[in-house]
Amino acid sequence: MLSIGDAFYQLKSRLTGLYDEREAAAIAHEVLEHITGMGKTDRLVKKDQLFSDDQEQLFYTASQELVAGKPVQYVTNSAWFLGNRYHVDPAVLIPRPETEELVLWVVEYALRTADKGESIKILEIGTGSGCIPISLKQKLPKASVTSCDVSATALEVARKNADSIGVDVDFVQLDFLNKTTWNDLAYYDIIVSNPPYIPLSERERLHINVREYEPATALFVPHDDALIFYDAIATF
């Protein structure tokens with residue numbers, strides 16, 4: 001049987017080949033909290049406590065996935081964004097801290113409008129996990145927020161997150177690069193997006209946990225045209 005303390009050091013050691021020591025430790029802590037339900041302090045106090053059979057199996061499965069390069073967020077099916085926990089899986093891009101800055105920038109702009117964003121209409125392009133439109137609706141509750149994505153699976157994840165967090169966002173499935181679908185959209189005061197922009201030719205330069213696990217449609221652009229989504233958004 002494996003103790004909580006031994007499990008931490010074992011996993012941290014196995015991950016140092018993929019990550020630096022600090023990140024490996026952070027991932028090990030996150031996985032152990034997911035498995036045990038205990039925070040870092042409680043786990044330190046109970047470091048000699050043995051895993052149950054189920055916990056040990058979860059630990060070994062998670063360890064194998066992480067060593068293979070699977071992102072910890074997909075192992076635990078969770079990621080934090082602006083104070084909310086989101087369900088994430090390989091159908092959606094993992095939320096990035098930099099995207100939080102984008103959301104806060106949009107909120108700041110909306111609050112500077114004449115009615116403090118109360119009647120503002122926002123379109124978000126490329127729903128993914130839903131972190132952008134959900135956060136905007138949460139911070140601007142009287143705004144109307146629409147979000148679109150080409151992936152039905154991603155929209156399913158986003159709707160699940162919106163229901164869990166308790167906000168109302170209008171999710172629409174469409175291929176934004178197909179201009180004929182624009183007829184299904186309205187007019188908006190703000191358009192926000194964190195679209196794909198990486199040329200497929202640069203795929204091998206990405207870390208294994210990105211190129212092998214995160215959805216290609218959320219990362220790479222067709223024809224190596226890094227600006228294809230920006231051009232389409234500008235035209236729209």
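The values are calculated or read from the model by the stated rules, or taken from the named source; none is laboratory data. Since the structure is predicted, the reported quantities are computational estimates derived from the model, not experimental observations. Cβ: placed from backbone, ideal geometry, glycine included. Neighbour counts: every protein chain shown. In case anyone asks, the SASA skips ligands and DNA or RNA and just uses the protein heavy atoms, side chains included. Shrake-Rupley method; radii C 1.70, N 1.55, O 1.52, S 1.80 Å.
Quick notes on this one:
- Solvent-accessible heavy-atom area per residue, rounded to whole Å², over region 1-115 at 1.4 Å: 56 Å²
- Lysine pairs in the chain whose alpha-carbon atoms fall under 22 angstrom of each other, counting only those eight or more residues apart or on distinct chains, come to 14.
- Per-peptide packing, taken as the mean over residues of other Cβ atoms within 10 Å, places 176-182, 228-234 in the sequence 228-234, 176-182 from highest down.
- For region 159-232, the Kirkwood hydrodynamic radius comes to 14.7 Å, computed from all pairs of different C-alpha atoms.
- Descending by average beta-carbon neighbour count within 10 Å, the peptides 96-103, 167-174 line up as 167-174, 96-103, the highest first.
- Computed over region 1-91: relative contact order in percent, which uses C-alpha pairs under 8 Å that are six or more apart: 31 percent
- With helices as the sole contributors, the chain gives -13500 deg cm²/dmol at 222 nm; each DSSP H run of n ≥ 4 counts as -39500 (n - 2.57), and the sum is divided by every residue.
- Measuring nothing but how far apart in sequence close Cα pairs (under 8 Å, 6+ apart) lie, relative to its length, the chain scores a relative contact order of 16 percent.
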